[in-house]
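Notes to accompany the following structure.
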Amino acid sequence: MAKETLLDIVQDLLSESDGDEVNSITDTIESDQAARVVRDTFRQIVDGHDLGHHETVSRLDATGASTPNQMTRPEGFYAIEWIKYDKRTTAGGDPKTEDVTYLEPTRFLEICSRRTESDSNVTAVALGSSGFEILVRTDKSPTYWTILEGYDTVVFDAYDSSLETNLQQSKVVTKGKQKPTLSLADASEPDLPKHLFRLLKTEARAMYFDLYKDGITSEIDRTRRRAEVRAQRHRHITKNLTNDKRTGPNYGRK
């Protein structure tokens, strides 16, 4: 059974609140308001629940020649579990995707600081806003990675300047969690499991009535509370049944 779309949910909200019938979320001011309420409610649910079903494999984004050993995580991608990089040694060689080991920042900096900047295979690269420089190998693919500043930049200890001017998106693969989004479009389908989908509708209904109507009715409030209880119960059971074997860090805002 197909999930309801954003338009379906908005039409239900307007029907329950004696609003005008619409064929698109952009048809009236009311429908636009309702759609934005659904989107805001969706964001709150995503931020408030551990959506393990959104674990995914992704790529990091490349930066540029001035930061050759640094990459950034895609928007909404967090809780990095592992990173692998194509460590081929020749441009035409077969791909050789291997693990890059995570190190705590202190240990990572210790390893980099042991290098000698005057060596032909070492260069100093500045980090983000602080301007702090670390010594990076330029003759090999990365062995280690860490997070040193903020939440978005992943720092590696090396890159192979004979093959690339900076670490490449096409060569890296990482596993983590991708935060789902909901665009303001008629056909958008909220990416939530069944129990949270019901919570989305009840919470959006309560928020819409509270903001734009005469307030939440007792029946709407009871329905919302029952949906909250079911969602919390399901999350508790899932958490206890899951054997979390993650060994990597959990960096990144949700």
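Taking the stated definitions as given, is residue 178 over 29 Å from residue 91 (Cα atoms) and touching a residue at least 12 places away in the same chain (Cβ under 8 Å)?
yes
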On the given criteria, is residue 159 within 18 Å of residue 60 (Cβ to Cβ) and either of a type in the set (S, T, N, Q) or at pLDDT 95 or above (or both)? yes
Hey, can you tell me all the residues within the stretch 91-125 that are at pLDDT below 95 and under 15 Å from residue 159 (Cα atoms)? 91
Tell me, which residue of the stretch 142-160 that is in a strand (DSSP E or B) and of a type in the set (Phe, Trp, Tyr) is surrounded by the most Cβ atoms within 10 Å (Cβ to Cβ)? 145
When you scan the stretch 161-184, how many residues do you find that are in contact with a helix residue (DSSP H, G or I) (Cβ under 7 Å, 6 or more places away or on another chain) and outside any strand (DSSP E or B)? 4
Condition check for residue 156: more than 16 Å from residue 72 (Cα to Cα) and of a type in the set (Phe, Trp, Tyr): no
Cross-chain or 6+ apart pairs with Cβ under 9 Å, the stretch 188-216 first and surrounded by fewer than 19 Cβ atoms within 10 Å (Cβ to Cβ), then hydroxyl-bearing (Ser, Thr, Tyr): 189/5; 191/181; 212/17; 213/17
Restricting to the stretch 12-33, name every residue that is surrounded by 15 or more Cβ atoms within 10 Å (Cβ to Cβ) and under 16 Å from residue 213 (Cβ atoms). 12, 13, 14, 17, 19, 28, 30, 31, 32, 33
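The values are calculated or read from the model by the stated rules, or taken from the named source; none is laboratory data. These figures come from a predicted structure and were not determined experimentally. Positions of Cβ are generated from backbone atoms using ideal geometry, with glycine treated the same way; all protein chains shown enter the neighbour counts.
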